[in-house]
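Visitor: My questions will all concern the structure given below.
The values are calculated or read from the model by the stated rules, or taken from the named source; none is laboratory data. Computed from a predicted model, the values in this text were never measured in an experiment. Heads up, the Cβs are rebuilt from the backbone with ideal geometry, glycines too, and the neighbour counts pull from every protein chain shown. In case anyone asks, the SASA skips ligands and DNA or RNA and just uses the protein heavy atoms, side chains included. Shrake-Rupley method; radii C 1.70, N 1.55, O 1.52, S 1.80 Å.
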Amino acid sequence: MTSLPNEPVTLAVIGCGQRGTAYTQYALDHPKMCKVVAIAEPRPNTRDIFARNHKLDRTLVFNDWQELLKASADTIQTIGKRLADAIIVAVQDNMHCEVLVAFAAQGYHILCEKPMATNLQDCLEMEKAVKNAGIILRYSPYNKAVTEVVHSGQLGELINVVHIEPVGYFHFAHSYVRGNWKKESESSFSLMTKSCHDIDILCHWLSPALPTRVSSFGSLQHFRKEKKPRAAGAATRCLECSVEQDCPYSAKKIYLEPVSRGNTHWPASTIVDGIPDIENITDALRNGPYGQCVYESDNDVCDHQVVNIEYSSGATVSFTMVAYTSLICERQTRLHFTHGEIVGDMNSFTVTDFHTGHKTTHHPKNEGGGHGGGDAGLMRTFVEAVRTNNQELLGTDISEVLKSHLAVFAAETSRREGTVIDCAKFEKDIRAELEMR
């Protein structure tokens with residue numbers, strides 16, 4: 001089913017947590033452009049709040065994605081229409097492949113939260129599913145404005161990029177020490193789960209050149225039991241720790257104290273089912289993973305990593321992901337061209353033209369939402385692409401995204417093996433290995 005030109009694009013949302021809610025704020029803000037018509041979410045309070053906010057028909061509110069998939073199949077069989085024009089996939093990373101492949105087979109346009117998947121086999125299977133279905137699978141005003149300058153050629157050839165992702169000290173503790181992305185076996189390595197879209201935009205800026213060689217170094221340096229302050233003794237939870245007040249990673253400081261001041265948003269909103277309050281947050285800290293001492297958790301993903309990439313054009317990239325920053329995901333970027341440079345911080349960027357010495361500072365409008373307006377920008381572009389059935393509006397496709405993901409997997413292989421990875425050989429070997437399975 002495709003919405004008529006004057007009707008809003010209809011969306012089904014699988015996963016109504018932080019990311020699903022962030023994406024669909026666009027539907028609440030722009031009801032003439034799109035609307036949510038169906039959801040799948042296992043947590044009852046989260047599901048009910050989302051359904052009420054979007055005024056959903058209760059017959060289209062499902063406990064899990066399999067129920068929604070079956071209802072969609074029944075609808076297709078009985079009346080020849082899907083439940084919606086498009087699907088938003090905002091479930092846990094290791095579920096992406098199974099969900100995307102299932103709904104791609106029914107012909108849905110799909111917006112999938114990053115990363116594509118947590119292993120190479122799933123990434124390749126998703127590429128095949130999307131290509132076979134012929135469906136639509138970079139988007140903040142800031143990144144779009146930088147990209148326009150990069151691809152305009154006005155600064156000459158792009159020679160080098162230095163890009164830093166400052167994750168943020170308490171953000172890393174929340175997501176990658178206590179949270180859903182703390183263990184590689186349950187999700188993936190942190191370069192993939194946190195920084196795949198950074199590598200993606202870097203590859204986009206350097207395109208049509210492709211990565212040729214990759215090297216990487218990094219480790220889990222600090223959030224380990226041997227780094228635990230001696231004064232903390234045998235305490236395993238912040239609520240029972242005598243030195244909690246001196247710890248920057250205190251769960252009380254990160255979750256409980258903000259809620260006590262009326263802040264019920266991220267990150268507290270992600271650790272309970274429903275609206276955070278003193279009682280349910282306290283219970284979560286006493287009994288769940290978010291109240292654990294960061295030095296007593298079972299996390300194993302890197303807290304810092306550097307990646308060096310050489311491209312077929314001869315250009316080079318240096319990328320750093322690091323936990324220990326006051327900035328929260330506000331990327332710092334320097335792009336060096338033969339006739340100029342761009343220096344930016346996700347809010348503004350300054351272009352220097354070597355011909356004239358003139359400097360111009362740009363302040364792209366933030367459209368609201370997360371990721372510097374990227375969530376709203378992505379949703380606006382995705383909705384228009386679905387409405388017009390025009391993949392080109394997105395400025396990317398599944399094969400380009402796969403190429404950047406392959407660079408991330410190559411970087412992690414380099415880090416583990418201590419070698420420089422030939423990207424073309426890496427992809428060829430991976431595809432051959434998977435075809436033999």
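Visitor: Among the residues of the stretch 232-239, are any modelled with pLDDT under 95, assigned to a loop (DSSP other than H, G, I, E, B) and at positive phi? Don't jump to the end; show me each part of the working.
Guide: First, the residues of the stretch 232-239 that are modelled with pLDDT under 95: none.
Within the stretch 232-239 (the criterion being modelled with pLDDT under 95, assigned to a loop (DSSP other than H, G, I, E, B) and at positive phi), the answer is no, since none of the residues qualifies.
Visitor: Restricting to the stretch 329-359, name every residue that is part of a loop (DSSP other than H, G, I, E, B) and either on the phi < 0 side of the Ramachandran plot or open to solvent by 60 Å² or more (accessible area, probe 1.4 Å) (or both). I'd like the intermediate steps shown before the answer.
Guide: The first filter runs over the stretch 329-359 and keeps only residues part of a loop (DSSP other than H, G, I, E, B), leaving 329-331, 338-339, 345-348, 354-358.
Listed by number, the residues that qualify are GLU330, ARG331, THR338, HIS339, ASP345, ASN347, SER348, PHE354, HIS355, THR356, HIS358.
Visitor: For the stretch 371-428, give me each residue that is among the small types (Gly, Ala, Ser) and assigned to a loop (DSSP other than H, G, I, E, B). Even if it seems obvious, please write down each step before you answer.
Guide: Of the residues in the stretch 371-428, the ones among the small types (Gly, Ala, Ser) are 372-374, 376-377, 385, 395, 399, 404, 407, 410-411, 414, 418, 424.
Matches in the stretch 371-428: GLY395, GLY418.
Visitor: Tell me, please, whether a residue that is surrounded by 18 or more Cβ atoms within 10 Å (Cβ to Cβ) and in contact with a strand residue (DSSP E or B) (Cβ under 7 Å, 6 or more places away or on another chain) can be found in the stretch 229-241.
Guide: Taking every residue of the stretch 229-241 in turn, none turns out to be surrounded by 18 or more Cβ atoms within 10 Å (Cβ to Cβ) and in contact with a strand residue (DSSP E or B) (Cβ under 7 Å, 6 or more places away or on another chain).
Visitor: Another one. For the stretch 167-192, how many residues meet the condition of being out of contact with any Gly (no Cβ under 9 Å at 6 or more places or on another chain), more than 17 Å from GLY291 (Cα to Cα) and surrounded by 20 or more Cβ atoms within 10 Å (Cβ to Cβ)?
Guide: 5
Visitor: Quick check: is even one residue across the stretch 212-226 farther than 23 Å from TYR324 by Cα, open to solvent by 10 Å² or more (accessible area, probe 1.4 Å) and at pLDDT 95 or above? It would help to see each step written out before you state the result.
Guide: Taking the stretch 212-226 first, the residues farther than 23 Å from TYR324 by Cα are 212-214.
Narrowing further to those that are open to solvent by 10 Å² or more (accessible area, probe 1.4 Å): 212-213.
From what's left, at pLDDT 95 or above: 212-213.
Among the residues of the stretch 212-226, at least one is farther than 23 Å from TYR324 by Cα, open to solvent by 10 Å² or more (accessible area, probe 1.4 Å) and at pLDDT 95 or above, which makes the answer yes.
Visitor: For the stretch 290-328, what are the residues that are in contact with a strand residue (DSSP E or B) (Cβ under 7 Å, 6 or more places away or on another chain) and assigned to a loop (DSSP other than H, G, I, E, B)?
Guide: Pass one, the stretch 290-328, residues in contact with a strand residue (DSSP E or B) (Cβ under 7 Å, 6 or more places away or on another chain): 291-293, 302, 304-312, 315-323, 325, 327.
Hits for the stretch 290-328 are CYS293, CYS302, SER312, ALA315, ALA323, THR325, LEU327.
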